[in-house]
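The values are calculated or read from the model by the stated rules, or taken from the named source; none is laboratory data. This structure is a prediction, so every number in the text was calculated from the model and none was measured. For neighbour counting, all protein chains shown are included, and Cβ atoms are generated from backbone atoms with ideal geometry for every residue, glycine included. Keep in mind that these areas ignore ligands, DNA and RNA; they rest on the heavy atoms of the full protein, side chains included. Shrake-Rupley method; radii C 1.70, N 1.55, O 1.52, S 1.80 Å.
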Amino acid sequence: MFLDSDLPLVHRDYFSPARGSGQEPLPDPVRQLLLPVRTGTDPTSLSGATVRTSCERNRMQLQVDRRVLGLGEPVTHLRLGSCRVSRSTQDLLYFEHELHMCGTRRKMLQNRIVYFNELRYDPPEPRGPVRRTAPFRLPVACYFNRFVYSYKIGYQPKVQIRKVLKTMKNSSRFILTLRNAEWEELSRPPHYVLGEPMFFQAETFLSDGERLYVHSCHVTPETSHLSSPQHPVIKNFGCMEESRNSRSRFLPHRTGAVRFSVDAFLFKGAAAQQLYMHCAMSVGGAKPTPTAKSCSYDSKTRRWVEASGSDSVCGCCESSCGADGSAENEVFSSTSWTVDPQVRSMTPNRNRKKAEGAEPELRWPVRGGGEAWVEEEAGPGLQMMKR
């Protein structure tokens, strides 16, 4: 609690250093100054004031009641020196300006610094015989003491020291990149053919005991993750939906990044396309849960498996693993890639007789081996099925 005065209120000797235990009682004049007896009376109300002035260290603030201005246009015709109204409400107008602005002047008066100006209201002359507004000029001022005697009272707290440890989070963003088969980052947008595996890596800064999870991913032909059409690749909090009918899957990795592969595909009715992957990710505990996991479908065993944890968390992939929380996680996008539907005719078996009028079987040139694929429509996208 502080008390300021422009004149000394007690003798200076009361505050001179003195020998003692430090537990001596306060002298009566000092006690009366710093610990005044409360009378219980409330301060005088200022609710009836129409203009209030508030002075800060280097600012002057005025509050003007609109009612004192009548029915005129106060915002236009009311000025503080050369300054207009700073802001207004339904009932009040405010001026908030630095002391050196608006033509405010300064002078010394009885060992005090005074900043003064004039609040001026000049409404236009009435057109009829009745006047509903009246001009006025009101001097306003801020007074500052050149010398201030300050007294304060406080207490010496008993400090209890304890250690508080808090894990610091890195503010870096998630990163989603395309990689080659050796997991090296690509220097230019890659080009794939239908069915060729594409490799993706998601990463961010991780502390001890943390793991990165990819909750959902989808592919669009536009840079925006909200564009259409969309083809889901991962959904349901980490279930690789694309692995049901292709070789797409999560790949185990020890460094904390999430790696997964997706077989290249095209949207229906497109020739060559430039595509983008968009994923929602978050950081969680090292142990996967039904709402934070990396599950792929194993077509041989016909069950869902987790990339580096217990497969039990994948049991919900056939239903719902929780309320959709993708809106709560920011979506991050990869760079683009291009898919070209190149096909070539397979050499027919010379020992088999070709049916009359039948079209030649097509083989998709998948890197790393020749597998026959057929095109089937499924949902908004196009899926490739082994034959």
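Quick check on packing: order 220-229, 289-298, 178-187 by the mean number of other C-beta atoms within 10 Å, highest mean leading.
Numbers: 220-229: 13.8, 289-298: 22.6, 178-187: 11.3.
Top to bottom by mean Cβ count within 10 Å: 289-298, 220-229, 178-187.
Suppose we take every Cα in the range 238-325 and form the convex hull; what volume per residue is that in Å³? Please list the in-between numbers first.
Values: hull volume 11.4 nm³, N = 88.
Once divided by residue count, the hull of the range 238-325 is 130 Å³.
On the protein heavy atoms, probe 1.4 angstrom, tell me the percent of accessible surface of the range 175-340 carried by carbon and sulfur. All intermediate terms of the calculation are to be shown ahead of the outcome.
Values: 3760 of 7740 Å².
Carbon with sulfur: 49 percent of the solvent-accessible area.
Sorted by accessible area with a 1.4 angstrom probe, largest first, how do D263, D122 fall?
D122, D263
Mind checking the per residue accessible area of the range 175-340 for me, 1.4 Å probe, whole number of Å²?
47 Å²
In sequence order, what are the phi-derived ³J(HN,Hα) couplings for the range 208-221 according to the Karplus relation 6.51 cos²θ - 1.76 cosθ + 1.60 with θ = phi - 60°, rounded to whole Hz, with x for glycine and proline?
4, x, 10, 9, 8, 10, 9, 7, 7, 8, 8, 10, 9, x
Need one number: the % of Cα-Cα pairs in the range 175-340 sitting beyond the 28 Å mark. Don't skip to the answer; put the middle values down first.
Working: 2264 of 13695 pairs.
Within the range 175-340, distances greater than 28 Å cover 17 percent of Cα pairs.
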